[in-house]
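Engineer: Below is one structure. I have some questions about it.
The values are calculated or read from the model by the stated rules, or taken from the named source; none is laboratory data. Treat the numbers as computed from the prediction; the structure is a model and nothing was measured. Cβ sites come from the backbone with ideal geometry, for glycine too, and all protein chains shown count toward neighbours. Only protein heavy atoms, including side chains, enter the accessible area calculation; ligands, DNA and RNA are left aside. Shrake-Rupley method; radii C 1.70, N 1.55, O 1.52, S 1.80 Å.
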Amino acid sequence: MKVFRRNQNNLPSGDAIPFFHDGVYHLFYLTSPPGTTRWPQRVRTTWQHARSTDLVTWEELPPALVPGNEPDPDANGCWTGSAIFADGMYHIFYTGYHISGDSPQTICHATSKDSVTWTKDSANPYIVPDTNLYENIDWRDPYVFFNTEDDCYWMILSGRHNAGPDNRRGCVILYKSTDLKTFEHYGPIYDAYHTNCPECPEMWKMDDFWYLSYSRFSERAQTFYRYSKSPYGPWRTPVYDGIDGRRFYAAKSLVNDEGRRFYFGWLHDREGGTDDGWWQWGGVFGIPHEVAPMGGGNLDVFMPEEFHSAYTKHIPTGFTPKLGDIRLYGDKAIELKSTGTLSYGYFDTKETGILFECDVLPTDIGDYFGITLKTDEDLDKGYLLVFDYAMQRLSVNKMPAPLDPFWATLSGKEQPAPEADGPRVCEKPFRFEPGEYINVKIVLEHDSFEIFVDDMIAFSYRAYEEAPYNLGVFAQDSSVEFHNLSIKK
């Protein structure tokens with residue numbers, strides 16, 4: 001099974017602009033110039049284009065948009081936007097980046113008759129910021145859709161108020177149009193004063209609620225969502241906020257002709273391909289995440305069946321206990337009895353590009369339990385998927401955890417490099433009780449992992465460094481059974 005991760009030329013890829021029309025999935029996305037790692041060269045991006053009829057197999061097409069020349073409004077990059085089909089034409093609305101322009105970021109437009117060959121609008125830029133209301137630095141990421149309730153096209157975009165707490169001025173701004181040519185400013189429809197700039201916003205309705213999703217690079221490098229009964233707000237925060245965890249970024253979605261909605265996001269590269277390298281713009285795409293209403297404005301997030309069923313080759317699930325009371329029941333079940341202590345062990349597989357799946361049954365929980373990912377012999381380095389009963393929390397913990405310099409010196413332990421994402425690199429509330437089964441699916445690649453829990457929560461993260469053990473299970477002061485063990489490629 002091969003997932004579409006990045007451009008065929010291995011260029012860093014990001015900022016998905018998914019679009020569905022006439023039975024075809026289109027994935028527009030951005031790529032950085034080869035060999036670039038720093039601003040501004042890294043963000044002189046090109047719009048790439050791929051299409052699919054099944055979500056799994058993708059055909060790569062010629063670039064849709066490339067940066068212009070001086071003094072064009074997109075001379076330093078064609079940044080994120082959206083695609084729409086209207087009046088017999090395909091339309092792209094995108095961000096033109098021009099470092100030396102009076103407004104470095106502006107809203108631009110291009111059209112196509114076949115979705116493959118695009119012509120930029122001679123009237124570009126379409127929309128520039130009104131500096132009486134907004135800053136002129138952040139003005140980007142237009143998302144255009146037809147709002148049937150308002151009987152006109154809506155464009156929402158990212159901006160910043162020109163006054164207020166400096167790091168909290170980010171807002172989502174609304175324009176309206178009846179013809180996709182002339183847009184009228186309406187004003188901010190979301191200004192929570194909690195972020196620098198809400199990137200890559202989009203809006204859609206499912207069942208009783210409108211949803212507004214956007215990404216925050218300045219705090220958590222994550223895609224969040226809000227819900228409301230009205231597209232004008234007020235926008236409320238769900239309990240299970242986030243399409244994924246940290247580093248599943250700038251995720252945007254499409255809806256197909258069956259009414260199913262899929263989010264496409266990307267996982268940041270780390271400079272040097274190491275687990276402590278600088279986080280970069282651009283990286284690899286994750287598996288599309290399907291979403292559906294959970295109730296109360298929350299969304300279930302889960303792996304589409306198209307991907308789940310695409311892993312067909314069975315890999316042996318041999319297992320080696322390392323510590324504690326561990327019982328094996330053939331190759332389909334493992335029981336850890338670990339009252340007051342730790343038990344753990346590892347699966348024998350060295351394969352990557354695999355789907356691991358199991359049903360976890362905690363029978364007695366004192367502390368926590370979970371699954372190990374790319375760890376060493378002593379469970380000191382790597383990643384843990386942790387089910388924390390007392391906190392009712394699901395998290396991915398990176399090891400070793402940060403250590404105070406005083407105690408590092410006293411103990412003679414190596415002090416790890418600080419992780420910008422903290423020791424719990426992904427986390428969400430997760431309610432569970434003893435006696436309840438929990439389904440876990442994990443896609444493990446050579447440089448990343450993607451976790452889907454109970455068709456409800458997803459976590460994706462980069463993990464570059466090779467480790468002796470790719471997968472395992474553990475229990476701390478808990479008794480846990482792992483059933484229906486399966487590894488497929």
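Engineer: How far is the Cα center of segment 117-140 from the Cα center of segment 346-385, in Å?
Structural biologist: Using only Cα atoms, the two centres lie 48 Å from each other.
Engineer: Now, a different point. What accessible area per residue, rounded to a whole number of Å², is obtained for the chain using a probe radius of 1.4 Å?
Structural biologist: 40 Å²
Engineer: Something else: Using a probe of 1.4 angstrom, how much of the accessible area of the chain is carbon and sulfur, in percent?
Structural biologist: Carbon and sulfur: 49 percent of the exposed surface of the chain.
Engineer: Describe numerically, in nm with one decimal, the distance between label points set 7 Å from Cα along Cα→Cβ at Asp151 and at Thr320.
Structural biologist: 7.1 nm
Engineer: Another question, if that's okay. Using a 7 Å offset from the Cα along the Cα-to-Cβ direction at both Lys176 and Glu465, what is the distance between the two label points in nm, to one decimal?
Structural biologist: About 5.5 nm, to one decimal.
Engineer: What value, in deg cm²/dmol to 500, does the helix sum -39500 (n - 2.57) over DSSP H runs of n ≥ 4 give at 222 nm once divided by the residues of the chain?
Structural biologist: After summing the helix terms and dividing by residue count, I get -500 deg cm²/dmol.
Engineer: Determine the order of Phe482, Phe302 by accessible area, beginning with the largest, at a probe radius of 1.4 Å.
Structural biologist: Output order, biggest surface exposure first: Phe302, Phe482.
Engineer: A further question on this structure: If I take every Cα pair under 8 Å that is 6 or more residues apart in the chain, average their sequence separation and divide by the length, what percent do I get for the relative contact order?
Structural biologist: For the chain, the relative contact order is 12 percent.
Engineer: Rounded to the nearest 20 debye, what is the charge dipole size of the chain about its Cα centre when +1 sits on each Lys and Arg Cβ and -1 on each Asp and Glu Cβ?
Structural biologist: In total the dipole reaches around 480 debye.
Engineer: Positive end of the dipole of segment 13-309, charges at C-beta (+1 Lys, Arg; -1 Asp, Glu), about the Cα centre: which of Ser13, Tyr94, Gln280 has its Cα farthest in that direction?
Structural biologist: My answer, from the dipole projection, is Gln280.
Engineer: Give the relative contact order (percent, whole number) for segment 82-223; include only Cα pairs under 8 Å separated by 6+ residues.
Structural biologist: Once divided by the residue count of segment 82-223, the mean separation gives 15 percent.
Engineer: Could you tell me the center-to-center distance, by alpha carbons, between segment 223-292 and segment 417-475 in angstrom?
Structural biologist: One Cα centre to the other: 16 Å.
Engineer: Report the relative contact order of segment 369-489, percent, no decimals, based on alpha-carbon pairs under 8 angstrom and at least 6 residues apart.
Structural biologist: 29 percent
Engineer: The list (i) 23.3, 71; (ii) 23.4, 79; (iii) 30.1, 106 gives values of Rg and Dmax of the Cα atoms in Å, and only one came from this structure; which label was calculated from it?
Structural biologist: Answer label, from the structure shown: (i).
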